[in-house]
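Laboratory data are not the source of any read-out in this text; all were calculated from the coordinates shown. The model shown is predicted, which means the values in this text are computed figures rather than measured ones. Heads up, the Cβs are rebuilt from the backbone with ideal geometry, glycines too, and the neighbour counts pull from every protein chain shown.
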Amino acid sequence: MEATLINPLRAGMRHTRTIDPCIMVIFGATGDLTHRKLIPALYNLALEQPLPAGFSAIGFARREYTNEDFRKQALAAVNANSRRRPVNANVWETFAQGLFYCPANFDDPAGYDRLGALMDQLDRERGTAGNRIFYLATDPSYYPTIIALLREKGLARRGDRNDGWSRIIVEKPFGRNLASAQALNDDLSTAFHEGQIYRIDHYLGKETVQNILVMRFGNGIFEPIWNRRYIHHVQITAAESLGLEGRAGYYEKAGALRDMIQNHMMQLLTLVAMEPPAAFVADSVRDEKVKVLRSIVPLQDAEIERNVVRGQYGSGWQGGEHVLGYCAEPGVARDSRTETFVALKLLIENWRWAGVPFYLRTGKRLTKRLTEIAIEFKRPPYLLFKGTGADEMQPNVLSLRIQPNEGVSLRFGAKVPGQEMQIRPVNMEFFYGRSFGVQPPEAYERLLLDCMYGDSTLFTRRDETELSWRLVDTIAHAWSTMPASSIGEYEPGSSGPRAADELIERDEMTWRRL
Ligand code: BG6
């Protein structure tokens, strides 16, 4: 079971990596993220044993909980959201003894004194040796205050020292635009150096996302054709069937562009497009991703209307159920212009990709949940089977399914048995579930563990974040000058607004069916 938790890219390091006992302080410990993701991930790490003995988590939040209350809440979180259930009583007992709670307002300096004293006590009692991870899981408006108080109270030590290390994990949204992302980066750098900062993008923790690199650089057959000579275009889709799920407060300020494109989709794009890194270490991998971001042809204001489409779901029927339109969702302004769908075309101007369009689309309340990267190859240079109906055959497509039905499929033409020369597309399929027969770990399990190891390969670096915001800002700025009618309404359960189809059809292509 342990092997499933090891990043295949670094499997060779598996026996050499040890995790120091440490304390994770979760700011915003009574919130949704802690309940849905963080506590279940930590419990699963305890269950599968990479969590070091003595590991302790301290919940830091405003509610007046005791340690016991926090442990009860944590158990409820595991019961509701753990990947592996039912809860193993012995593992839980040991794990729960390492959970503590520190009630305080985020701007109350005395709370940080109590936190410091509690951490010192745990170092003595549980052997955590001064090693700390601070996890910012609050509303982002508290981030500057928390960072400043960690600094002032001497809790955020700059760099690794003999008396332990400290690291900070920052949840998304990482800013709202380039200026706020830069301000947050500046704030962070007053207390931590870049090597201590772990900007989380949970897509990078998904097994299938990491497999993009393994497919490309762990096999001999794909990389030689992974370029403009063989690839016609690339489609990256992250479709969701769910709607807002009660997150109006956040989503109204974000929208699909900031919520999905700036982070998750750009990460998928860079992994598909990057050059082979010099080594599988954090900075080499991130250097190559940054080069891709730098090579994206900037969108000029005048092109944005043509190359970027936004939409918002209306009311209607989805899966036999009547669902509210976005503007009727609780907490959403009735005349909201927040987009719940984005499709765009990008070009990457470098030696490998010149002239190959990348089409990205993401949206809520679409036909179904599907995240995939489809690489469509050029047709054969000469159509040998002309006039047989076979000349209309479909191009080869390699599709990497990130979720659900995680796997890879390759579409190619095969002869239909019989006297006629008829060709039909068929698929060669690989399914994770079938081939490995194990449940992959949750993204947060991998990422929390990597942070404990001190490996930031799967976290985003300052320059990556800022370059990605630069692109998003250009689009957001152009949109702010356009009329509301430029947001196309789409039916729930559809594949998005008609304008998204037009975007790709202009280039004589179509989106893959959802
Ligand atoms: C989150 C977004 O980062 O990613 C959500 O805030 C989105 O709006 C979610 O639903 C998608 O993640 P996943 O893992 O379900 O694809």
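Tabulated data for the structure shown
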item	result
The chain - charge dipole about Cα centre, Lys and Arg +1 at Cβ, Asp and Glu -1, debye rounded to 20	860 debye
Rounded if a/c under 1.5, otherwise prolate or oblate - region 403-514, Cα gyration tensor axes	oblate
Hypothetical label at Ala117: residues of region 40-72 whose amide nitrogen lies under 19 Å (7 Å Cα-Cβ projection)	58-68
CD proxy at 222 nm, helix term only [per DSSP H run n ≥ 4: -39500 (n - 2.57); per residue of the chain; nearest 500]	-10000 deg cm²/dmol
Those GluC sites (Glu not before Pro) in region 52-144 that DSSP places in a loop and that have at most 11 other beta carbons within 10 Å	Glu64
Relative contact order for region 90-225, counting Cα pairs under 8 Å that sit 6 or more residues apart, in percent	20 percent
Normalised contact order of region 312-462, rounded percent, pairs of Cα under 8 Å and 6 or more residues apart	12 percent
Rh by Kirkwood over Cα pairs, then Stokes-Einstein D for the chain at 1.002 mPa s and 20 °C, µm²/s	87 µm²/s
Shape category assigned to region 137-264 from the gyration tensor of Cα positions, a/c cut at 1.5	oblate
Around Arg294: net Lys/Arg minus Asp/Glu count, Cβ-Cβ under 15 Å	0
Relative contact order (%) - the chain, alpha-carbon pairs under 8 angstrom, separation at least six	17 percent
Degrees, to the nearest 10: 67-81 long Cα axis against longest axis of the chain	20 degrees
Chymotrypsin sites (Phe, Trp or Tyr not before Pro) within region 287-376: DSSP coil, no more than 16 neighbouring Cβ in 10 Å	Trp351
Across Lys253/Lys289; Lys289/Lys364; Lys345/Lys378, pairs whose alpha-carbon gap is larger than 21 Å	Lys253/Lys289; Lys289/Lys364
Computed E for Gln394/Arg334 - FRET, C-beta separation, R0 60 angstrom, nearest 0.05	0.85
Length added when fully stretched, Lys386-Thr18, from 0.36 nm per residue minus Cα-Cα	126.4 nm
Low-density loop cleavage sites - GluC sites (Glu not before Pro) in region 234-337, where at most 13 other Cβ are within 10 Å (DSSP)	Glu245
Net lengthening on full extension, Gln300/Ala80 (0.36 nm per residue, minus Cα-Cα)	74.5 nm
Gyration tensor (alpha-carbon) shape descriptor, region 155-209, a/c threshold 1.5	oblate
Charge context of Glu240, other residues only, Cβ under 14 angstrom, K/R +1, D/E -1	+2
Principal-axis tilt of helix 178-191 within the chain, Cα atoms, nearest 10 degrees	30 degrees
Separation of the Trp351 and Thr145 label points, Cα + 7 Å toward Cβ, nm	5.2 nm
